[in-house]
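Heads up: the structure comes next, in structure tokens.
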Amino acid sequence: QVQLVESGGGLVQAGGSLRLSCAFSGRIFGNYVMGWFRRPPGKEREFVAAISRSGTSSRYADSVQGRFTISRDNAKNTVYLQMNSLKPEDTAVHYCAADYMGATSLASSSYDYWGQGTQVTVSS
């Protein structure tokens, strides 16, 4: 069974940076498209970023384009989300997700496995 464990969340001032990590285990990492989603307080879960199985393509929500970078290291079974120029609106629980043999979809329903989330809080 696939297991996903996020880490790297915390409290940061506006304009600062954080890097989230997601450790994948249980299956062959390279068979899975990986994505990041987030749930702001009082709102529904929303797409943040996704990366292809090989790591050669990625896509981003308009709200984070140019500020966030998704990457993966298939040798380490880890996907990352580098978050720069953070804004208070980025405050949310961030979730890592895995999609078996999928595309870099924006839809949460496309993903088969989910981590438990890590809190990112951006103060002004």
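The values are calculated or read from the model by the stated rules, or taken from the named source; none is laboratory data. Keep in mind that this is a model prediction, so the values were computed, not measured. Here the Cβ is made from the backbone with ideal geometry for all residues, glycine too, and neighbour counts use every protein chain on show. Note: accessible area is taken over every heavy atom of the protein model, side chains too, but ligands, DNA and RNA are not part of it. Shrake-Rupley method; radii C 1.70, N 1.55, O 1.52, S 1.80 Å.
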Problem - Residue-wise HN-Hα coupling along the range 115-124, computed from phi with Karplus coefficients 6.51, -1.76, 1.60 (Hz; x: Gly, Pro) - result: x, 8, x, 9, 7, 10, 10, 10, 9, 9
Handout entry: Relative contact order [Cα under 8 Å, 6+ residues apart], the chain, whole percent
Key = 36 percent
Problem - Gain on full stretching of the segment that runs from D62 to N74 - 0.36 nm per residue minus C-alpha separation - result: 1.7 nm
Practice task
Just check the chain against the gyration tensor rule for me: Cα atoms, a ≥ b ≥ c as the square roots of the eigenvalues, rounded for a/c under 1.5, and otherwise prolate or oblate depending on whether a/b exceeds b/c.
Solution key: prolate
Fill in the blank from the handout: Per the 1/(1 + (r/R0)^6) rule, R0 = 22 Å and r from the Cβ atoms of K43 and S85, FRET efficiency to 0.05 is 0.60
Exercise for the section: For the range 71-114, with all protein chains present and a 1.4 Å probe, just round the carbon and sulfur fraction of the accessible area to a whole percent. Expected result: 47 percent
Handout entry: Accessible area expressed per residue, the range 62-124, with surrounding protein chains retained (probe 1.4 Å, Å²)
Key = 49 Å²
Problem - Chain lengthening between Q116 and Q3 when straightened (0.36 nm per residue, less Cα-Cα) - result: 39.7 nm
